[in-house]
1. Answer with yes or no whether Ser89 is part of a strand (DSSP E or B) and loosely packed, with under 14 Cβ neighbours inside 10 Å.
2. Could we say that Tyr28 is closer than 24 Å to Thr86 by Cβ and buried (at least 18 other Cβ atoms within 10 Å of the Cβ) here?
3. I need a count of the residues in the stretch 107-121 that are touching a residue at least 40 places away in the same chain (Cβ under 8 Å) and either more than 16 Å from Gly23 (Cα to Cα) or out of contact with any Gly (no Cβ under 6 Å at 6 or more places or on another chain) (or both).
4. Is it the case that Thr19 is touching a residue at least 40 places away in the same chain (Cβ under 8 Å), buried (at least 21 other Cβ atoms within 10 Å of the Cβ) and polar (S, T, N, Q)?
5. Find the residue count for the stretch 41-69, including only residues that are part of a loop (DSSP other than H, G, I, E, B), of a type in the set (Ser, Thr, Tyr) and within 18 Å of Gly116 (Cβ to Cβ).
Amino acid sequence: MAAIDQTMVSNILNATTPTGTSGAPGTYTALGAGAMKVRLNSTASTAAAAGTEIASGGGYTTGGTAVSAASTASSAGSAVTLPKTTALSWTNSSGGAWSIVSMDLTSNGGTRAWFGNFTGQPISVANGNTFQIAADAVSISLT
């Protein structure tokens, strides 16, 4: 039987998510410096591989959007939430519909730290419409 101490859970979450004011990852140096990014995918992300990123152009930039505000830091094993203060928003101007299935939280250099599939996916975003992730809408946890 194995388990993890709640303080260690907080340490891991805070080290690998953007809990600083710069949006950079905590102390896990393998993720590098600079603001972490949310990347949108048209296929499901898995533990083994990131989803297929939405094509650049038409309102989306390949590599993702920086999480400019700090997330809610973990304490006593609680979840980390992001983005903290400002919603992330993309307006589709591609001429066709986007099909959004998952997201990846990556380092500024593209190293994937966390992923998740959206509830109710695939989410269709018609041309001219906006897809938004509200403040504190993404919850990252370990159990």
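Laboratory data are not the source of any read-out in this text; all were calculated from the coordinates shown. Since the model is a prediction, treat every value here as computed from it, not as a measurement. Here Cβ is always computed from backbone atoms with ideal geometry, including for glycine, and neighbour counts include all displayed protein chains.
1. yes
2. When the stated conditions are applied, Tyr28 does not pass them.
3. 9
4. yes
5. The total comes to 5.
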